[in-house]
Structures are given as structure tokens and as C-alpha cells.
1. In the stretch 57-86, how many residues are assigned to a loop (DSSP other than H, G, I, E, B) and either closer than 15 Å to R151 by Cβ or within 18 Å of the chain's Cα centre (by Cα) (or both)?
2. Determine the pairs where a residue that is more than 17 Å from M102 (Cβ to Cβ), located within the stretch 150-161, has a partner that is among the polar types (S, T, N, Q) and surrounded by fewer than 21 Cβ atoms within 10 Å (Cβ to Cβ) with Cβ atoms under 7 Å apart, the partner being 6 or more residues away or on another chain.
3. Could you please find all residues in the stretch 1-56 being acidic (D, E), free of Cβ contacts under 8 Å to residues at least 60 places away in the same chain and either surrounded by 22 or more Cβ atoms within 10 Å (Cβ to Cβ) or assigned to a strand (DSSP E or B) (or both)?
4. Using beta carbons and a limit of 6 Å, which pairs, at least six apart or on different chains, have the first residue in the stretch 168-180 and under 10 Å from L119 (Cβ atoms) and the second one basic (K, R)?
5. Can you name the residue in the stretch 63-104 that is modelled with pLDDT under 95 and β-branched (V, I, T) and, of all such residues, is surrounded by the most Cβ atoms within 10 Å (Cβ to Cβ)?
6. Suppose we filter the stretch 110-122 for residues that are touching a residue at least 12 places away in the same chain (Cβ under 8 Å) and in a helix (DSSP H, G or I); how many remain?
7. Which strands (runs of 3 or more DSSP E) does the stretch 123-221 wholly contain that include 2 or more residues that are of a type in the set (V, I, T) and buried (at least 21 other Cβ atoms within 10 Å of the Cβ)?
8. V116: in contact with a strand residue (DSSP E or B) (Cβ under 7 Å, 6 or more places away or on another chain) and either loosely packed, with under 15 Cβ neighbours inside 10 Å or within 20 Å of Y173 (Cβ to Cβ) (or both), yes or no?
Amino acid sequence: MLTVAVEKNLGAFSIDARFDSEGGVTALFGPSGAGKTSIINMIAGLMTPDSGRIAHDGVVLFDSAAGIDMKAAQRRIGTVFQDGRLFPHMSIRHNLDYGRWMGGYAKDPAAFAHAVALLDIGHLLDRRPGKLSGGERQRVAVGRALLMRPRLLLLDEPLASLDAGRKDDILPYLERLRDEAKVPMIYVSHDASEVKRIASRVVRIESGKVAAVGGSELLTA
């Protein structure tokens, strides 16, 4: 279980978010600028809350009262950003292997092959990111995150930069990831149709706060 209770002042905007995720896919859903990305950055360790507590499966990642702030690299959380953030000078094979290297694991051909098959990217391994479509780059970014062997996967608007056709291409892979990889996910989006396909639980974020927690009934504009 992921437990989040954080506060953060960002100048004219503040975040005060409290929610739990019991596994599967939980969506942080709400309009652009609501604070969703800041919340997952705090979960990932890329932004430090002013106060509060974050814990996952009994491991405390942040606790302001106890003086705990685990480094991002130690949290075993994989993050997929909107733009993929692949290394342009590396082949796709080496981009994928960077996830394994970052996790500090020995080479595992079986795990590598499974991620490649799951995301159907075997034909891309010798290419560079600049030769890939947006959807292909995002699938590679997901694969790199998986090879870190994360306890939790954060996907921050992973389809926001894609047109409708590319979104339709990649959504089946995200559904397969949900069903086969069995890694808990936090999925950030302002697109109700995406969230309806991917998530089983919805946390609606408005103006930096949790407005509601529930199911697909919260997926309104």
C-alpha cells in the first residue's frame, strides 16, 4: 500500500494531498495545473514536501516529523515522464539497460527479454531515440523503468504529447503492463478516456487538494 499525506508551498500555489493506493492502477486525475505532477515528484523523491509522510509497503520514504527523506535512487520507484527522457546518443538497447544499471542489478537476459516482449520493442533495439515515433519512445521509457525492478511505477501524463492515433496505439501496451507486470502504478492524466481504460481507482485533484476518491464516476470534466 502507498500512503501519501504531504504539504508543499509553491509560492502562490500550495499542495495539501492525502490519499492511499492499495495496488493496481490508481489515477491522479484533474485539470492541468492542479498539482498532480508535483505530488508524484514528491512520491519519487524529486521534490521534498514541506511536511507530511509518504510510505510504501511498510517502508517510510519521507517523514518530516521523524527526519526521514530517502534519496530518490533508493526508493525503487520507476518514473515515466511525458517526454520519455531517453538518452539520444544511446541505442534503444542501451537505454533499456540503463534502467537495470541504475537499479544496481546484474545483467538478466530473461528480464530484459520479458520487458521487450511485453512492450513489443524488439525491432527497435538497435535504433536511436531520434528514429522512433512518440509512441515508440514512450514504450521504451516504460521498459527502462520496468528494468529498474521498481516496487512502484509512476506514469506522469505518458500520452499527453501524442495525437489520438498514437494514443490508441500505446494504450493496449499500458493495459498489458497493468495486467501482466503486476507492478503497482500511479497514473497521472487529465484525460478521462485514458483513465477509464487504465485505472481501477481515481483520486481527483483540484487546486492542489484531493477533491474526491472513488471510481469512474469521478471522471468528469
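The values are calculated or read from the model by the stated rules, or taken from the named source; none is laboratory data. Keep in mind the model is a prediction, meaning the values are calculated, not measured. A quick note on method: Cβ atoms are made from the backbone with ideal geometry, for glycine too, and the neighbour counts reach across all protein chains shown.
1. Going through the stretch 57-86 one residue at a time, the tally reaches 12.
2. D156/T37; D156/Q82; E157/Q82; P158/Q82; A160/Q82; S161/Q82
3. In the first step, residues of the stretch 1-56 are kept if they are acidic (D, E); the result is 7, 16, 20, 22, 50.
Those still in the list that are free of Cβ contacts under 8 Å to residues at least 60 places away in the same chain too: 7, 20, 50.
Answer for the stretch 1-56, where residues must be acidic (D, E), free of Cβ contacts under 8 Å to residues at least 60 places away in the same chain and either surrounded by 22 or more Cβ atoms within 10 Å (Cβ to Cβ) or assigned to a strand (DSSP E or B) (or both): E7, D20.
4. What qualifies is Y173/R139.
5. Residue satisfying both the conditions and the ranking: V80.
6. Initial filter on the stretch 110-122 (touching a residue at least 12 places away in the same chain (Cβ under 8 Å)): 111-112, 115-116, 118-121.
Applying the additional criterion that residues be in a helix (DSSP H, G or I) yields 111-112, 115-116, 118-119.
Residues flagged as touching a residue at least 12 places away in the same chain (Cβ under 8 Å) and in a helix (DSSP H, G or I) within the stretch 110-122 amount to 6.
7. Values: elements: 152-156, 185-189, 201-206, 209-214.
So the answer is 185-189, 201-206.
8. Values: in contact with a strand residue (DSSP E or B) (Cβ under 7 Å, 6 or more places away or on another chain): no; either loosely packed, with under 15 Cβ neighbours inside 10 Å or within 20 Å of Y173 (Cβ to Cβ) (or both): yes.
In short, no.
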